[in-house]
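Worksheet: the structure to be examined is printed underneath.
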Amino acid sequence: MQYDLYVITSSELSRGRETLEVVQAALAGGATIIQLREKNWPARKLVEVGREIRKLTKEAGAGFIVNDRLDIALALEADGVHIGQEDLPVDVARRLLGPGKILGVSVGSVEEAKEAVAQGADYLGVGSIFATASKTDAGPPVGVELIRQIKKEVNVPVVGIGGINLSNAAQVIEAGADGVAVISAVVSAEDIKSAARSLLKIVQTTKAKLY
């Protein structure tokens, strides 16, 4: 799984555009992972739209992750599921998900990171790195230093999330993140494809300088 540019859907922030239209444009711009995150959708809509996203991501060679809903992730044969600290315990999610599927976990401290990996997390979403209005439950920003600290303690990919945009994405990668996860920086952009492409370029050029 390539974590470079991890785009999370949000119908509330996509300026009236359909989720599939947003996903298509993000993939055209080079998004390497799409996460279906629609907290207010009923299960049927998640499945109906999710089926189409599964097709689009397969065609693009990108990963497909479902937020929170392990049942939906399994129903859609998604690549995996992403859970937060208030969702299913990590070890339970790991068991239900089974082998061969990816389990991502949101963490906000070194302790949470170590615990998540010990219980079977395949990658970590660390944040909120910067202040963000996209996630109401994001909590105060933790800054890029936390990525450095977590990378010293775990051996799974780490993705920075929260308030990341063209002006600060390089800092996140320089701190050791394997990629950036964004909502509004892509889904709220006037030109989604161009926004995704520009972010991906920053991530890849920063990585190239470092490695």
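The values are calculated or read from the model by the stated rules, or taken from the named source; none is laboratory data. On a predicted model such as this, the values are computed, not experimentally measured, just so you know. Cβ coordinates were reconstructed from backbone atoms using ideal geometry, including for glycine residues, and neighbour counts include every protein chain displayed. Side chains included, ligands, DNA and RNA excluded: accessible areas come from the protein's heavy atoms. Shrake-Rupley method; radii C 1.70, N 1.55, O 1.52, S 1.80 Å.
Can you tell me which of (1) touching a Lys or Arg at 6+ places or on another chain (Cβ under 8 Å); (2) open to solvent by 10 Å² or more (accessible area, probe 1.4 Å); (3) of a type outside the set (A, V, I, L, M, F, W, C) is the one Asp122 doesn't meet?
(1)
Restricting attention to segment 128-148, which residues are open to solvent by less than 20 Å² (accessible area, probe 1.4 Å), free of Cβ contacts under 8 Å to residues at least 40 places away in the same chain and within 22 Å of Asp68 (Cα to Cα)?
If the condition is that a residue be open to solvent by less than 20 Å² (accessible area, probe 1.4 Å), free of Cβ contacts under 8 Å to residues at least 40 places away in the same chain and within 22 Å of Asp68 (Cα to Cα), then Ser128 is the only one that fits.
Would it be correct to say that Lys55 is out of contact with any Leu (no Cβ under 8 Å at 6 or more places or on another chain), of a type in the set (Lys, Arg), closer than 19 Å to Met1 by Cα and without any contact (Cβ under 8 Å) to a residue 24 or more places away in the chain?
Here the answer is yes, as Lys55 does meet what is asked.
What pairs come out if I take residues in segment 149-176 that are among the basic types (Lys, Arg) and pair them with residues that are not in a helix (DSSP H, G or I) whose C-beta lies under 7 Å away, six or more apart or interchain?
Between residues of segment 149-176 that are among the basic types (Lys, Arg) and residues that are not in a helix (DSSP H, G or I), the close pairs are Lys151/Val158; Lys151/Gly176.
Could you list, in sequence order, all residues of segment 114-149 that are over 30 Å from Ser14 (Cβ atoms) and part of a helix (DSSP H, G or I)?
Scanning segment 114-149 gives Lys114, Glu115, Val117, Ala118, Glu145, Arg148, Gln149.
Consider segment 157-184. How many of its residues are open to solvent by 20 Å² or more (accessible area, probe 1.4 Å) and either of a type in the set (A, V, I, L, M) or farther than 23 Å from Phe64 by Cα (or both)?
6
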